[in-house]
Amino acid sequence: MKKTFRNLRLSPYLYLTPSLTHISLAIFVLLLPQVVMLFVTKSYSNLLIILISITASYLAELLSNKIRHKNTLLDFTALVQGLMIGMFIPSSYPLVTVFIFTFISLLISKHIFGGTGATWINPVAFTVVFFYLLGMSFFPETMITKSLLEGGQPGLDLINSGSFDLMSFDSKITFALNTHFFSHLGIEVPNGYISLFWDSGSPIPAFRFNFLTLIASIILISFDMINWIAPAVYLFVYSVLVLLFSQMPFTGKFAQGDVLFSILTSGTLFTAFFMVDSYGTTPQSWGGKIIYGAIAGLFCFLICGCGTSSIGNMFTVLICNIISPIIQYFEDRIYIYKVNKTMRKNNYA
Amino acid sequence: MVSIREFSRFGKQQYQTYKIAYLPSMAVLSMCQSGSCSMKSLVEKGEQIEEGQIVASECENPDNKYPACIHSPIPGIIKDVLDISMPNGKNAKSLLIEMSGNFTFSGQKKDVYDWKNAVSVSRKIKQISEMGIINTFEKNESLANQLDEIVEESKSHSTKPLVVRLFDKESDTSIESFIANQFKAQVIEGAAIIAEIINAPFVLFFSQKGEFSIPEKAEYQDLFVKAKPQFIEKKIKNYPCGNYKQILKMANQFLKEKHAIEYESVLGVSAETCLDVYNGIVHSYPAIDRFIQVQGDAIAQNQILKVRIGTTLRNIFNECGGFHEQPSQIIINGLVNGTAVSDLDTPVTRYVHTIFVTTSRYFPRQIQTQCIRCGKCNLICEEKLRPDKIYERYSAGDPLGSTYEKTIKYCTECQLCNTVCPARIPLYQTIKLLKDRQNEKNF
């Protein structure tokens, strides 16, 4: 009988995961509150940079599609990439340069490393590092100095010295948390951390609104739009290393590191949930993701140290992207070994 | 495994009654009523045929010893022979029968035959073939062929147990449990007939906990001569459930625990197949009716209909009060494993169990994008296949590699890989294509 398939739609007609387009749109929508906050806090130069980077990203995608005869504009990945690039660029970066660099960098990234999914290097991290290498002076310098480290409390010293703007509600919330929650755990959080959590005031938008980043991440993880394993392991390993070893070389004290300050001042939360587990760049198995996350956490500690690094996380992501194919190679070998072993066991030639 | 609740869009409805649909004035009788076997028509255009008359008894594949014969669902005149789109998405030669003449079965008293003593095993197998019974457990193949193979095998090997599935494989459907409850005695007797044919040592009835009331022993013990019937309730929480591999595992788990015995294979049948066997052997009533669950947010009335094969979807929807909203898709046999049909004149065949009519509101986005290597398909696959790798290599025209090639045969066709793919890549379809090619090659 002649087989004629006339249906335009294939099964299944029920999905457990949203489509790539919906995921991209969800990420965009969940990052919009941070854009709104930029407007509220009158960070107009950041807003302009985001607008320009989105435009450049779309134009790069358009040209890339023309060259490769593809149509990926409607999956909205270019929109998310443009937004994320804009959120990692400091407010002082010249607008024309932002447009040119974003356009060129994304085009290079797409054609050397591949497009969405096919790329093994995170295009956002690649572009931001590209920006950094060509304009280091525009990126804020690391605030933690050797003398602060030798003081034993670099984070607290920086907060107390007025390096960060404290919110009016900071002391009230800190007091309430200390009274009703942390006191039961025998901990007392000093003033200033709530401000860092709400808005660290960094010229780089991705580093600022840690609370909104966390909320967006929780929603995305709940709907299975981003995988939680690598980000969780990354944050865990980085936190443990900061806690245990960050003070040792300077004060000789073990387990005295300031985890909260480290996470809230280098865009670590944003990097963990939006950059570390980027599609195509991470291993696929649970084991692979755990190793990948652990390596990322280790490199983050080695590069960013106790926090306030403006580019350390991007270098971390790039290094991990380079290591990832090696992990993926071993993932494949282990898979093939396991399958062959099962086949032999079941006497299947 | 994934919780079965996640696969439920409309929620599982428990039906207590069914409606007998009107006979179609024009039936479209497909010559392909089973999964793959296409039959040769015995009748020609213009010929007058009776209700239940065999119109096709020979399969186009000569190796098919006992094909499921096809019967006319209504008495009438063959108006035309056409190639028509079928519920499985393929085209098949079909007879257009316009109703006229007298009824042989409808409205007549059913004869009752004593199946225990009356006929030999081979005669029973032949009768199952003549009654056009297919086993809807998995592949919708001729039941008589399966029985014959087991009987032949049992001459040199020990025989196998019979497992009756009294629950539905998909979360939205409830046709098997409905048949099992409504026709409990007939289903059990049908299973007893099959058990006797294959000389099964055990007959295991698996039902979903709370869906099926287990009968008293006195109600069925006289039916089984050699076989030991057992009713087992299972709390089925996850999808996939009820495929052959899982049924075998469940059966062996039970038999090992209770009787310290395990089997390499079992014969799995559905409740519907048992009912057909009962009707076919006890009443000599051919498989010309189907129970069909019609459901969805676009249809006016969700219900179970008893429909003559050859009835078109258009007639069925009219029977259900039509559409109260504009339908977007008509999906046959389940939202996970089903097929979308575009033609309202598609006829009901023996392998149709459910019809879902959905509006665009519930329809998922299916635009395919590039694989993003998220690995979700690998993590969810119960058989540990790598759907993304297989697809990637196949679509690039690269050789699959011996390991990936070997794994293909383990695919249980549950489609979980497709359901988690954010790029909406036809992973299952690719694996199925390769699996079919592999089977053809081996054959």
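By how many degrees, between 0 and 90 and to the nearest 10, does the Cα long axis of helix A:210-222 differ from the longest principal axis of chain A?
30 degrees
If each residue's Cβ is checked for other Cβ atoms within 10 Å, how do A:Y44, B:Y404 rank with the fewest at the top?
Neighbour counts put them in this order, fewest first: A:Y44, B:Y404.
Can you give the % of DSSP beta bridges in the protein assembly as shown that are antiparallel, to the nearest 5?
Details: 40 of 60 bridges.
Around 65 percent of the beta bridges assigned by DSSP in the protein assembly as shown are antiparallel ones.
How many nm is it between the label spots at B:K306 and B:S3, if each spot is 7 Å from the Cα in line with the beta carbon?
Output for this residue pair reads 3.8 nm.
Working out 0.36 nm times the residue gap between B:D398 and B:E325, then minus their Cα-Cα distance, what length gain in nm do you get to one decimal?
Answer, rounded to one decimal: 21.6 nm.
Starting from 0.36 nm per residue, how many nanometres of slack lie between A:S168 and A:K66 once their C-alpha separation is accounted for?
31.5 nm
Within chain A, which is the longest segment that contains none of the GluC sites (Glu not before Pro) sitting in a DSSP loop with at most 14 other Cβ atoms within 10 Å?
By the stated rule (loop sites, at most 14 other Cβ atoms within 10 Å), A:189-349.
Under 18 Å from a point 7 Å along the Cα-to-Cβ line of B:E216: which residues of region B:145-188 have their amide N that close?
Answer for region B:145-188: B:184-186, B:188.
Under 11 Å from a point 7 Å along the Cα-to-Cβ line of A:W120: which residues of region A:289-333 have their amide N that close?
Under 11 Å, as judged by backbone N against the label point of A:W120, lie A:321-330 of region A:289-333.
Suppose each label sits 7 Å from its Cα in the direction of the beta carbon; what would the A:I187-A:L74 distance come out to in nanometres?
4.8 nm
Out of A:S105, A:S246, A:S163, any idea which swings most in a Gaussian network model of chain A, alpha carbons joined below 10 Å?
Of the options given, A:S163 has the highest mean-square fluctuation.
Sorting check: for A:13-19, B:52-58, which peptide has the highest mean count of neighbouring beta carbons within 10 Å, and how do the rest follow?
Final packing ranking: A:13-19, B:52-58.
Using the number of other C-beta atoms within 10 angstrom as an exposure proxy, rank B:Y428, B:Y394 with the fewest first.
Neighbour counts put them in this order, fewest first: B:Y394, B:Y428.
Using packing as a proxy for protection, rank B:334-346, A:217-229, B:276-288 so that the peptide with the highest average count of other Cβ atoms within 10 Å comes first. Please report the intermediate quantities before stating the final value.
Numbers: B:334-346: 20.5, A:217-229: 17.1, B:276-288: 22.9.
Result, highest mean first: B:276-288, B:334-346, A:217-229.
What spacing in nm lies between the two simple spin-label points modelled at B:E44 and B:I367, each 7 Å away from Cα in the Cβ direction?
Distance between the two pseudo-spin positions: 5.4 nm.
For chain A, take every pair of Cα atoms, bin their distances at 20 Å starting from 0, and report each bin as a whole percent.
In order of increasing distance, the bins hold 27, 54, 16, 2, 0 percent.
Just counting partner chain Cβ atoms within 10 Å, what average do the residues of peptide B:324-333 show around their Cβ?
Values: counts 0, 0, 0, 0, 2, 4, 0, 6, 0, 1.
Average per residue, whole number: 1.
Of the trypsin sites (Lys or Arg not before Pro) in region B:334-443, which ones lie in a loop per DSSP and count no more than 14 other C-beta atoms within 10 Å?
Passing sites in region B:334-443 are B:R365, B:K384.
Straight-line reach from B:K209: which lysines have Cα under 22 Å away, leaving out those fewer than 8 places along the same chain?
Reachable lysines: B:K12, B:K169, B:K184, B:K217, B:K228, B:K234, B:K235, B:K237, B:K245, B:K249, B:K256, B:K258.
Sorting B:S85, A:S266 on the 10 Å Cβ count, fewest up front, what's the list? Walk me through the numbers on the way to the answer.
Working: B:S85 21, A:S266 30.
So the residues, fewest neighbours to most, are B:S85, A:S266.
Helix A:312-345 against the longest principal axis of chain A: what's the angle in degrees, Cα atoms only, rounded to the nearest 10?
Value to nearest ten degrees: 40.
Are there chymotrypsin sites (Phe, Trp or Tyr not before Pro) in region B:43-131 that DSSP marks as loop and that have at most 15 other Cβ atoms within 10 Å, and which are they?
Answer in residue order: B:F103, B:Y113.
Over 10 Å intervals from 0, what percent of Cα-Cα pairs in chain B sits in each interval?
The calculated distribution, bin by bin, is 4, 20, 30, 28, 14, 3, 0.
Of all alpha-carbon pairs in region A:17-138, indicate the percentage at a distance above 21 angstrom. If you can, show how the numbers build up before the last one.
Working: 2637 of 7381 pairs.
Here the long-distance tail beyond 21 Å is 36 percent of all Cα pairs in region A:17-138.
What is the extension gain from A:F245 to A:Y329, computed as 0.36 nm multiplied by their sequence separation minus the C-alpha to C-alpha distance, in nm to one decimal?
Result for the pair: 27.1 nm of gain on full extension.
Just from the alpha-carbon atoms, what are the Rg and Dmax of region B:121-282 in angstroms?
Calculated on Cα positions, Rg and Dmax stand at 14.5, 42 Å.
Quick check: net charge around A:I85, other residues with Cβ under 14 Å of its Cβ, Lys/Arg +1 and Asp/Glu -1?
0
Values in this text are rule-based calculations from the coordinates and carry no lab data. Remember, predicted model here, so these are calculated numbers, not experimental data. Positions of Cβ are backbone-derived with ideal geometry, glycine not excepted, and every protein chain shown enters the neighbour counts.
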